[in-house]
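This report concerns only the one structure given below.
The values are calculated or read from the model by the stated rules, or taken from the named source; none is laboratory data. Everything quoted here is computed from the prediction, not taken from an experiment. Positions of Cβ are backbone-derived with ideal geometry, glycine not excepted, and every protein chain shown enters the neighbour counts.
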Amino acid sequence: MNTTTIDIIWLSLGAFAILVGLTFFGEVLRARQDPNTQNPVLETFMTRVQSWWGMVILIGLAMLTGKIGVTVLFAFASFAALREFLTLTTKAQADHLSLALAFFVIMPLQYFFVAMEWSGLYAIFIPVYAFLLLPIVSALRGNANRFLIRVAETQWGLMITVYCVSHVPALMNLNIAGQGDRAILLVTFLVMVVQLGDLLEYFFGRRFGRTKIAAGLSPKTWEGVACGVISAMLIGGLLSWITPFGLWGAMAMAGIASLTGMFGNIVVTAIKRDRGVKDWSHLIPGQGGFVDQLDSVIFAAPIFYHLTKFYGVA
């Protein structure tokens, strides 16, 4: 058992400890409230924490299996998220072939390129080749009705659910001086700071938030976002030992990733409101579907990947 595996085990135990603390905190708040009333904010918070138990176990097991396990996990998440996204978009019979290509050719190839560490291909495959190919396939079917909307929605689905998400396992391909096989720990760092920051933003925003960021669209407040980002930075500082950034660098990277993810959440919320739905699906109790769960990571992953790459690849 090498040091990286030992660190993954310690991180998993640390995540369990955090969830135990959050669960205990929520139960204390439950005990203090009137037994005849329910606080919807607290109940949603507790449901999210309970769902996180299962997700932490799943991610921890994937991390222990190494690069293949992490890549397969996020490939599955991308497939499920793409299905949710395209279910709510405008489609015609003329798009059936392009949709089949998106699910069974483009998405698998994107993750194959990531697994093979072909960065030159996975960086441009979807935004260039898929961007040009799929409209051609649909146009050849001869249906121009709402063509631009149909094509644009498919492109958006691929970009956010496949291209952006694939940058999470792509972190393992970064050859950072002095890190060796420890690049896999960057996946843990990114997921933990973004998701825990998002969870704490939800709690603090509903408890203390006053100033809405986008009234009528999202319940997020500037106060909640500030508390969530600060919390993510503190978590990033505590996890700095698994990164090449140092204490202050890890805190800065955590803050940027968390803030980007929170604004990404607002963008995905805007899409849901446009489609007239509250959640993309109901697969994950208290957290909707895969797109709902990944929305913060979707926007944070490519930014974090390129900032890390800029930091120093050998």
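If I ask for residues that are in contact (Cβ under 8 Å) with a residue 24 or more places away in the chain and surrounded by fewer than 18 Cβ atoms within 10 Å (Cβ to Cβ), which ones from region 116-143 would you list?
Glu117, Ser119, Pro127, Phe131, Leu133, Arg141, Gly142, Asn143
Out of curiosity, is Gly142 farther than 30 Å from Gly21 by Cα and in a loop (DSSP other than H, G, I, E, B)?
For Gly142, the condition - farther than 30 Å from Gly21 by Cα and in a loop (DSSP other than H, G, I, E, B) - is met.
Looking at Arg150, Arg146 in this structure, which one is among the basic types (Lys, Arg), farther than 23 Å from Met253 by Cα, touching a residue at least 24 places away in the same chain (Cβ under 8 Å) and exposed (fewer than 15 other Cβ atoms within 10 Å of the Cβ)?
Arg146
Each row is one residue, and each column tells you yes or no for (1) at negative phi; (2) part of a helix (DSSP H, G or I); (3) at pLDDT 90 or above.
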| position | (1), (2), (3) |
| --- | --- |
| Gly249 | yes, yes, yes |
| Ala252 | yes, yes, yes |
| Ile256 | yes, yes, yes |
| Leu259 | yes, yes, yes |
| Gly264 | yes, yes, yes |
| Lys278 | yes, no, no |
| His282 | yes, no, no |
| Gly286 | no, no, no |
| Gln293 | yes, yes, no |
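Of all residues in region 51-84, how many are surrounded by 18 or more Cβ atoms within 10 Å (Cβ to Cβ) and polar (S, T, N, Q)?
So the count comes out to 2.
Tell me the residue from Ile242, Ile235 that is surrounded by 18 or more Cβ atoms within 10 Å (Cβ to Cβ) and in contact with an Asp or Glu (Cβ under 7 Å, 6 or more places away or on another chain), please.
When all the criteria are applied, what remains is Ile242.
crowded, with 21+ Cβ neighbours inside 10 Å, of a type outside the set (Ser, Thr, Tyr), free of Cβ contacts under 8 Å to residues at least 40 places away in the same chain and closer than 27 Å to Gly276 by Cβ, is that true of Gly224?
Against the criterion (crowded, with 21+ Cβ neighbours inside 10 Å, of a type outside the set (Ser, Thr, Tyr), free of Cβ contacts under 8 Å to residues at least 40 places away in the same chain and closer than 27 Å to Gly276 by Cβ), Gly224 qualifies.
Residues being in contact (Cβ under 8 Å) with a residue 60 or more places away in the chain and part of a helix (DSSP H, G or I): count how many of those fall in region 54-72.
6
Name the single residue that is farthest from Gln93 (Cα to Cα) among those in region 145-195 being of a type outside the set (A, V, I, L, M) and assigned to a loop (DSSP other than H, G, I, E, B).
Of everything passing the filter in region 145-195, Gly178 is farthest from Gln93 (Cα to Cα).
Considering Phe25, Phe76, which residue is assigned to a helix (DSSP H, G or I) and farther than 30 Å from Arg275 by Cα?
Sole residue among the options that is assigned to a helix (DSSP H, G or I) and farther than 30 Å from Arg275 by Cα: Phe25.
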